[in-house]
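The values are calculated or read from the model by the stated rules, or taken from the named source; none is laboratory data. These numbers were taken from a predicted model, which means no experiment stands behind them. When we count neighbours, we look across all protein chains shown, and the Cβ atoms used for this are built from the backbone with ideal geometry, even at glycine.
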Amino acid sequence: MDKKLNFEESLSRLEEITSLLEKGDMSLDESLKIFEEGIKLSRFCEKKLTEVEHKIEVLKSTEIPCESIVEKEEIVPKEETELTPSQSKKTSKPKKNSDDSNLLF
């Protein structure tokens, strides 16, 4: 593990190491050396995943107002906000109270 690997490269190398160790045709010293590399890669990958999980949790818990992301019109499509003729017939009008006749609009 001489050069810095990213997560994907580390995971790929870890898979190679697993395959090499499963074959069982290396000497004990070679196996130990490659096993040690695998442990380092495994710890690096685990640390990276933990960091990403933490970042996701922070992003999920941060409250961002929808208006700052998109316009309101984009959130609720126009079709859903307008009533169709059949829907408008179903809505009941409030009954006129006797006191309502004296109200000015």
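Give the residue, chosen from 2, 29, 100, that is at pLDDT below 95 and assigned to a helix (DSSP H, G or I).
Every option except 100 fails the conditions.
From the list 50, 62, 81, 18, which one is at pLDDT below 55 and β-branched (Val, Ile, Thr)?
Testing whether each residue is at pLDDT below 55 and β-branched (Val, Ile, Thr) leaves just 81.
For the range 1-31, give me each residue that is hydroxyl-bearing (Ser, Thr, Tyr), loosely packed, with under 10 Cβ neighbours inside 10 Å and either in contact with a Lys or Arg (Cβ under 7 Å, 6 or more places away or on another chain) or within 25 Å of residue 49 (Cα to Cα) (or both).
The one that is hydroxyl-bearing (Ser, Thr, Tyr), loosely packed, with under 10 Cβ neighbours inside 10 Å and either in contact with a Lys or Arg (Cβ under 7 Å, 6 or more places away or on another chain) or within 25 Å of residue 49 (Cα to Cα) (or both): 19.
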